[in-house]
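Enquirer: Here it is, the structure in full.
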């Protein structure tokens, strides 16, 4: 009997995937802020290796194509993105927060205006199963997140077979990033296929 891949990743492989993803992002995408690994200090019981317990962070992002890009006033919307591993779902989760340039947080209705049209339609259909507000597992503050309940299913659709750890986050972000019009550069996709 052939065992099929369930579309998930282990916490150890998440660290490998995060490292590979951030290196590729730096190499192929200089127009946006870079992803950095933030080690976690508040959950030492989860892992014996402090350096492998943490999350990816990209902060102070103006979304591509946003009408506020040329506006220098307090109405300019900024986003912070964190990619966090979910031990429950065994997949990465995109946590985010949005705020005006004056620091005032945006409500979900305001965020809806900044996301892609297809994501906005999905949000209208299933508001609290598509985007939810939860406590950030490393910061202990409420952040929005794209709900991970169907992630393993669509990851299986991306590949008929298992995706190597070093390609997992790049493949995952090629779907998730579209919600915020953050696209994987074509050269980065070619690099994924070459490995």
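Enquirer: Taking the residues in the stretch 151-163 that are modelled with pLDDT of 85 or more and touching a helix residue (DSSP H, G or I) at 6+ places or on another chain (Cβ under 9 Å) as candidates, determine which candidate is surrounded by the fewest Cβ atoms within 10 Å (Cβ to Cβ).
Expert: Start the filter on the stretch 151-163 by keeping residues that are modelled with pLDDT of 85 or more, which leaves 151-157, 163.
The next check asks that each one be touching a helix residue (DSSP H, G or I) at 6+ places or on another chain (Cβ under 9 Å); those that pass are 151, 154-155, 163.
Working: 151: 23, 154: 13, 155: 21, 163: 21.
The extreme case among them is 154.
Enquirer: Kindly list the number of the only condition in (1) modelled with pLDDT under 95; (2) closer than 25 Å to residue 98 by Cα that fails for residue 7.
Expert: Only one criterion is unmet by residue 7, namely (2).
Enquirer: Could I ask something else about it? Select from the stretch 5-30 the residues that are more than 16 Å from residue 84 (Cα to Cα) and in contact (Cβ under 8 Å) with a residue 12 or more places away in the chain and list them in ascending order. It would help to see each step written out before you state the result.
Expert: Applying the first criterion (more than 16 Å from residue 84 (Cα to Cα)) to the stretch 5-30 yields 5-7, 23-30.
Listed by number, the residues that qualify are 5, 6, 7, 24, 25, 27, 28, 29.
Enquirer: Of everything in the stretch 176-195, what is in a helix (DSSP H, G or I) and surrounded by fewer than 15 Cβ atoms within 10 Å (Cβ to Cβ)? Give them in sequence order.
Expert: Taking the stretch 176-195 first, the residues in a helix (DSSP H, G or I) are 176-180, 186-194.
186, 187, 190, 193, 194, listed by residue number.
Enquirer: Something else about it: Based on this model, can you work out whether residue 74 counts as assigned to a loop (DSSP other than H, G, I, E, B), over 14 Å from the mean Cα position of the chain (by Cα), modelled with pLDDT of 70 or more and exposed (fewer than 13 other Cβ atoms within 10 Å of the Cβ)? Show your work before the answer.
Expert: Numbers: assigned to a loop (DSSP other than H, G, I, E, B): yes; over 14 Å from the mean Cα position of the chain (by Cα): yes; modelled with pLDDT of 70 or more: no; exposed (fewer than 13 other Cβ atoms within 10 Å of the Cβ): yes.
For residue 74, the condition - assigned to a loop (DSSP other than H, G, I, E, B), over 14 Å from the mean Cα position of the chain (by Cα), modelled with pLDDT of 70 or more and exposed (fewer than 13 other Cβ atoms within 10 Å of the Cβ) - is not met.
Enquirer: Among the listed residues 69, 16, 38, identify the single one that is at pLDDT 95 or above and farther than 16 Å from residue 165 by Cα. Let's see the steps before the verdict.
Expert: Values: 69 fails: at pLDDT 95 or above; 16 fails: farther than 16 Å from residue 165 by Cα.
Of the residues listed, the single one that is at pLDDT 95 or above and farther than 16 Å from residue 165 by Cα is 38.
The values are calculated or read from the model by the stated rules, or taken from the named source; none is laboratory data. Keep in mind it's a predicted model, so treat the numbers as computed, not measured. Note that each Cβ is placed from the backbone with ideal geometry, even for glycine, and that neighbours are counted across all protein chains shown.
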